[in-house]
Amino acid sequence: MNILVINCGSSSLKYQLIDSVTEQVMAKGLCERIRIDGRLKHVPSGRGPVELEAPMPDHTAAVELVLQMLTDPQYGVIGSLDEIGAVGHRIVHGGEKFASSTRITDEVIQAITECNDLAPLHNPANLIGIASCKKLMPQVPMVAVFDTAFHQTMPERAYLYGIPYEYYEKYKIRKYGFHGTSHSFVSKHTAELLGRDVKELRTIVCHLGNGASICAVQNGVSVDTSMGLTPLDGLVMGTRSGTIDPAVIEFIAQKEQRSLSDVMNILNKESGVAGVSGVSSDFRDLETAIDQGNARAKKAMDLFCYRVAQYIGSYTAVMNGVDAIAFTAGVGENNATARAGICQYLGYLGVKLDPERNRVRGEDAVISTDDSRIPVLVVPTNEELAIARETAALVQGQ
Ligand code: AMP
């Protein structure tokens, strides 16, 4: 069955058409500047990319263009829309309502809408994606795959905040966690690579991209993760601060004469390694600056690695040990300096990184030595494939 995977943002739409049997990507692409002017990059498998500017006054126009490209005589990969068996939508926030992926019905759309205030930038855009596909392909079954669902197994002691309990009762303020599709995919694949059953393993997955989070996966389920009510919590990220003393917010607001929303914007968009280094949120730029002797870039990298190592220690404690550590996402898959910087703190676990193996980029690999007490791996994430698998399984009733 061919599955169209849709990841709809406020002004962008990423897509992949995946054959669920061979798991091959038949085509993928990106629509950008939706509601501004409109740009599409379409990459049919085995052929060069097609780039064009086309008006996209709304998301439905963008989806329409994607469907045209997929069936185009020259650039397409299918003969007609009948060859799309199902659509899988990435949905950012499922609140406490969704602990797994689900077939999209009117009730499900309503329940996702009720989670909008938990992810005001993302969920409404995801819903627009659903509405557009429903309009253009009314007969095709659709599935919602949530970033938060995998973490719904966290115990109460991991997800509750130390604030008045009524705020949890009234507003559902708690830790939810994100990147769940990635943490689930990588923890399963780590077990496969080690020839072990995920249900017997304690794995720490470090999803280190521009947004970054860590997850403790015990016996196949998430027992704790570093992002919270929102993706701002936890690690120091590209532009997000991660965990800080909440009193810092009022302090900055007073000293800088800024509003609460200004300060939140600073913590989300001007902080992290970008804010500390003053160089960039991109770890490639950071590395170049470090090589050129930039002291603040070095401080940012040190802070990033230290915080990751802290979480690894914390999650080792939570699971009473760890059997495998996996690095994934842009930085985790490609940046040997960051991986080495993190693993230097893990000697107490008997972790020994192999510098040669650690040079790997973007492919499955064990990067620890053969005598490392705990294997450390690079495991590229593939959220689109995970969404396609979930979608196919639900539609085929598995
Ligand atoms: P993501 O959000 O997962 O796309 O990750 C973005 C981060 O990954 C950026 O900081 C990039 O510097 C880093 N990254 C992505 N690709 C590479 C690469 N080929 N080599 C080094 N770093 C990379």
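The values are calculated or read from the model by the stated rules, or taken from the named source; none is laboratory data. In this text the structure is predicted, and so the values were computed from the model without any measurement. Cβ atoms come from the backbone with ideal geometry, glycine included; neighbour counts cover every protein chain shown. Heads up: the accessible areas ignore ligands, DNA and RNA and are worked out on the full protein's heavy atoms, side chains in. Shrake-Rupley method; radii C 1.70, N 1.55, O 1.52, S 1.80 Å.
In segment 274-287, the residues that are touching a residue at least 40 places away in the same chain (Cβ under 8 Å) form Cβ pairs under 7 Å with partners that are within 11 Å of the ligand (Cβ to nearest atom) and open to solvent by 20 Å² or more (accessible area, probe 1.4 Å), at six or more places apart or across chains, as follows: Ser281/Asn210; Ser281/Thr239; Ser281/Ala274; Glu287/Thr337.
Restricting attention to segment 340-353, the residues that are of a type outside the set (Phe, Trp, Tyr) and either surrounded by fewer than 17 Cβ atoms within 10 Å (Cβ to Cβ) or within 16 Å of the ligand (Cβ to nearest atom) (or both) total 7. Look at (1) outside any loop (DSSP other than H, G, I, E, B); (2) within 16 Å of the ligand (Cβ to nearest atom); (3) not hydroxyl-bearing (Ser, Thr, Tyr) and you find that Gly362 fails only one, number (1).
Out of the residues in segment 304-323 meeting the condition of being within 20 Å of the chain's Cα centre (by Cα) and not charged (D, E, K, R), tell me which one is nearest to Met154 (Cα to Cα).
Selected residue: Tyr315.
For the subset of segment 263-297 comprising residues that are within 15 Å of the ligand (Cβ to nearest atom) and over 18 Å from Gly209 (Cα atoms), which member is most open to solvent (accessible area, probe 1.4 Å)? Among residues in segment 263-297 that are within 15 Å of the ligand (Cβ to nearest atom) and over 18 Å from Gly209 (Cα atoms), the one most open to solvent (accessible area, probe 1.4 Å) is Asp291.
Selection over segment 25-64 of residues that are in contact (Cβ under 8 Å) with a residue 24 or more places away in the chain and open to solvent by 30 Å² or more (accessible area, probe 1.4 Å) gives a count of 9. Between Thr328, Thr337, the distinction of being in contact (Cβ under 8 Å) with a residue 40 or more places away in the chain, within 16 Å of the ligand (Cβ to nearest atom) and touching a His at 6+ places or on another chain (Cβ under 8 Å) belongs to Thr328 only. Please work out if Ala131 is open to solvent by 10 Å² or more (accessible area, probe 1.4 Å), in a helix (DSSP H, G or I) and among the small types (Gly, Ala, Ser). Criteria met by Ala131.
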